[in-house]
Each structure stands twice: as structure tokens, then as C-alpha cells.
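A short worksheet on the structure shown next.
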Amino acid sequence: MAKTQRIDKVLANLGYGSRRDIRKICKDGLVKVDGKIIKDSSLHIDPENSEIIVGNEVVNYREFIYIMMNKPQGVISATEDNRDETVVDLLDESYRPFDVFPVGRLDKDTEGLLLLTNDGQLAHQLLSPKKQVPKTYYAKVEGVVTEEDGERFKEGVFIDEDYKTLPAELKILNSDEISEIELTIYEGKFHQVKRMFQAVDKTVIYLKRLSMGPLELDNNLDLGEYRELTEEELEQIKELK
């Protein structure tokens, strides 16, 4: 069954102006759907299967947007904030009408992979505790990280008096006064990686997310840069459903 929407809602969501703006361009005869001039902006159309033209421009309709960002430090994982710059602020204006939001959060001082979308169902699937979607982080840690720490993480550690983490996988890249590691966790508690290392008397001094489920950070993205997911990447994360 075709999913229809009002033409003014479709065009407003795609950034062609306010509902009032759309009403005017329709009255001016500038909107065509499947070759017919549409002067009634309240008309329901099937945007996925109709050819929509505004002026001389063919409208590229998309309901959902999926963006991979290499989040920099100092930017918060939110849609808006009164004090700090947000990840949404880093996006081009053309993405604003889609009302994207970050899937989960990275701490203000944490870098790396962040997915932004307006697909609430997909976001819910990725964040659902039942799914236990793996998330891998690279960290620099103050203190000598040992295989014993890895065993403790594998068993789970208490990060609150009454909360023990799910088993996690520690890979030691370099063990020294400043150690380098990769840690894969299957949940997303507040400050979890930092608190796990606190539980073994060590301090995370740098943290970067490398992957989330099958989605891996594109190494070609500099800090603050982003791109839309490829079809292959999108299919991979949708398979998690």
C-alpha cells in the first residue's frame, strides 16, 4: 500500500521552505507531480514513487538519512545545547530539515564513530540492551594494563555498587606507564569504559570509538568530518533488526 503524505509536508521536510512558502510556490504553478502542475499544497502524494519537480529541479525524496561522523573532542552528542557546540551543529544546512539525532552518545571529550539518523526504529534497535550490539574503543590508559585486567573485564566489573558490567573483551596493544588498548563492550552505560578502568585502578586519558556493530569508522574521515552511509553499510546495520 502506497504511503502518502501532503505535498507541503514533503517539500518542507526536504528544505524547500515553510508550509507557507510551499503554498505560494504551488499557487505560482512551480510544482509538478508526475507531469501535472499541483496548485493545492494539501494534496496527498506518494513521494517514494512519484516524480516531483520544483521549478526545473527534480526532487530527490528521502525519508531517512544515515550519517557516519568522526566526532571531535569538545562537541557534545545532542541535537541542541545552550552552551556547547553539538554534533548536529557540524552538519551542513541541507540536513537540518531531516531532524537527525545521534544514535547513543559519546562523551564530550571522546572522539570517533558516531551515527546520526532520523530513523527512530533503527536507532532503537542499535541501542536496545537486548541486542547487545558490540562497540569497540581505542584508549590510552594511565597505568600498566595487564592480562589480569582483561580477565576481570571478561568476568565483568562493578562500576556501581549494584551494577556489574557484561563480559567485555580487552586487547592490549601496548602495556607501559601509558598503555594502549582496544576494548569491546556490549552495553552503553554512562562513562562505561572510563569507569571500567577506574574499577581496576587505572585512568583513561584518551578515548576513541572505532566501531558499533558491523559499522566501522572510515579512516578517511578527519575529526569533525562526516559522510552518508554506503548502501552496503546500511544493509549491514539493518540486518541487526
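Figures for the structure shown
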read-out	value
Enumeration of residues in the range 5-42 that are surrounded by fewer than 15 Cβ atoms within 10 Å (Cβ to Cβ) and in a loop (DSSP other than H, G, I, E, B)	GLY15, SER18, ASP28, GLY29, ASP34, GLY35, LYS39, ASP40, SER42
All strands (runs of 3 or more DSSP E) inside the range 110-194 with 1 or more residues being without any contact (Cβ under 8 Å) to a residue 40 or more places away in the chain	158-160, 169-174, 178-185
Of all residues making up the range 200-241, the number that are among the hydroxyl-bearing types (Ser, Thr, Tyr), over 19 Å from LEU126 (Cβ atoms) and surrounded by 14 or more Cβ atoms within 10 Å (Cβ to Cβ)	1
Close pairs (7 angstrom Cβ cut-off, 6 or more residues apart or separate chains): within 24 Å of ALA12 (Cβ to Cβ) in the range 62-89, part of a strand (DSSP E or B) and among the small types (Gly, Ala, Ser) anywhere	none
Of all residues making up the range 183-199, the number that are among the acidic types (Asp, Glu) and open to solvent by 60 Å² or more (accessible area, probe 1.4 Å)	0
Residues of the range 56-69 satisfying the condition of being of a type outside the set (Val, Ile, Thr), under 21 Å from CYS26 (Cα atoms) and open to solvent by less than 40 Å² (accessible area, probe 1.4 Å)	none
Qualifying residue in the range 95-107 (condition: on the phi > 0 side of the Ramachandran plot and either among the hydrophobic types (A, V, I, L, M, F, W, C) or free of Cβ contacts under 8 Å to residues at least 24 places away in the same chain (or both))	yes
Test for ILE172: is it within 28 Å of GLY74 (Cβ to Cβ) and of a type in the set (A, V, I, L, M)	no
Among the candidates LEU90, LEU116, LEU126, LEU170, residue that is among the hydrophobic types (A, V, I, L, M, F, W, C), touching an Asp or Glu at 6+ places or on another chain (Cβ under 7 Å) and either open to solvent by 20 Å² or more (accessible area, probe 1.4 Å) or within 16 Å of GLY213 (Cβ to Cβ) (or both)	LEU170
Filtered residues of the range 87-141 (kept if among the hydroxyl-bearing types (Ser, Thr, Tyr) and over 21 Å from ARG227 (Cα atoms))	SER128, TYR138
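The values are calculated or read from the model by the stated rules, or taken from the named source; none is laboratory data. Not measured: the values here are computed from a predicted model. Counting neighbours? That spans all protein chains shown, and the Cβs are built from the backbone with ideal geometry, glycine included. Ligands, DNA and RNA are excluded from the accessible area calculation, which covers all protein heavy atoms including side chains. Shrake-Rupley method; radii C 1.70, N 1.55, O 1.52, S 1.80 Å.
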